[in-house]
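Colleague: The structure's right below; bear with me while I get my questions together.
The values are calculated or read from the model by the stated rules, or taken from the named source; none is laboratory data. Everything quoted here is computed from the prediction, not taken from an experiment. Note: ideal-geometry Cβ built from the backbone for every residue, glycine included; neighbour counts use all protein chains shown.
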Amino acid sequence: MNRIDSQLIELITEEVLKAFGRGEGGNRTDAPTAIRPPLGTCTGDYSRFTDRPDLSPITNADSGGPTQTSGLAGIVTAQQLEEAIRSSPDKVATLAHDARLTPLANDFVRENPQKVRRAAPTGTFASPANGAPWLWWADGHYPAAQQAAVDQGGALIASGVGRSDTGLVQVVRETGDGLRSGSLSGGILFVTSAARAGVLANRCPLIRAVVGTCLDALEQGIRQVGANLLIIEAPYVDGPTICKMLHRISGTKPNIPAHVQRELAEFHQHR
């Protein structure tokens, strides 16, 4: 049966090609129908998509061409990560702070977290405290919390780290790097549970994380330890309270009290 079907298909194909050759494909013509060449191939170069700046690579006006000034930008694929790792001297791919990953790229990062890092945000931001923004990230979809962050304008910027098991670790590292370079004032994490976030964040020597259960708790964290990372359990805090906390901390220049600084130094020496 398979042999008969195969022969039938070949006969039908032959007759169709003959019909096209005679000009019987719907528009009669004396000349055979021309077969057009392919329009082109996909090269992965999105630089001509001027209406989609998120797909365009970072460019350097002085050089006249695209350059990766702060890591892979736009939408990054797993293949791009692998190529960046191979060409990097330290075998680590660097992502721009706002780069987005394809699903396969997210899987690659989850499996190889030590081979990928994100660049700290750069540029001028409108923070009322010291000119450096606060980085925010969410481990899930929290419309009220995320809208509150957006409403703060340039004082807060969203991390490009994806919502994954390794995302929390990546954004804590990103915040620590930003604090070290001075490009960030601090960070804000919207999470379902603060337990893991608090433990991981406070493992970074430069981070002083507090859980914002209410505005009073945040005030105590700012006053007592100079909090520079706010953890909010988004499902359990109402929108207006989140707005007040974000406004309060984004206008703060975190200053650690001298006695707390001494205590932390002694703790690190004797641990």
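Colleague: What is the number of the single condition among (1) at pLDDT 85 or above; (2) touching a Lys or Arg at 6+ places or on another chain (Cβ under 6 Å); (3) buried (at least 19 other Cβ atoms within 10 Å of the Cβ) that residue 97 does not meet?
Modeller: Among (1) at pLDDT 85 or above; (2) touching a Lys or Arg at 6+ places or on another chain (Cβ under 6 Å); (3) buried (at least 19 other Cβ atoms within 10 Å of the Cβ), the lone unmet condition for residue 97 is (1).
Matching residues to (1) at pLDDT 90 or above; (2) of a type outside the set (A, V, I, L, M); (3) in the same structural domain as residue 198 (by TED's automatic domain parsing):
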| site | (1), (2), (3) |
| --- | --- |
| 114 | no, yes, no |
| 138 | yes, no, yes |
| 143 | yes, yes, yes |
| 148 | yes, no, yes |
| 152 | no, yes, yes |
| 157 | yes, no, yes |
| 163 | no, yes, yes |
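Okay, residues lined up against (1) part of a helix (DSSP H, G or I); (2) more than 25 Å from residue 238 (Cα to Cα); (3) at pLDDT below 90:
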{"position": "120", "(1), (2), (3)": "no, yes, yes"}
{"position": "124", "(1), (2), (3)": "no, yes, yes"}
{"position": "128", "(1), (2), (3)": "no, no, yes"}
{"position": "171", "(1), (2), (3)": "yes, no, no"}
{"position": "178", "(1), (2), (3)": "yes, yes, no"}
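A quick yes/no check of all residues on (1) in a helix (DSSP H, G or I); (2) under 24 Å from residue 157 (Cβ atoms); (3) not assigned by TED's automatic domain parsing to the domain that holds residue 153:
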residue: 213; (1), (2), (3): no, no, no
residue: 222; (1), (2), (3): yes, yes, no
residue: 227; (1), (2), (3): no, yes, no
residue: 232; (1), (2), (3): no, yes, no
residue: 243; (1), (2), (3): yes, yes, no
residue: 246; (1), (2), (3): yes, yes, no
residue: 249; (1), (2), (3): yes, yes, no
residue: 255; (1), (2), (3): no, yes, no
residue: 262; (1), (2), (3): yes, no, no
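Colleague: Oh, and also: Condition first: over 22 Å from residue 139 (Cα atoms) and not in a helix (DSSP H, G or I). Can you find one or more residues in the stretch 181-191 that meet it?
Modeller: Yes; the residues of the stretch 181-191 include at least one that is over 22 Å from residue 139 (Cα atoms) and not in a helix (DSSP H, G or I).
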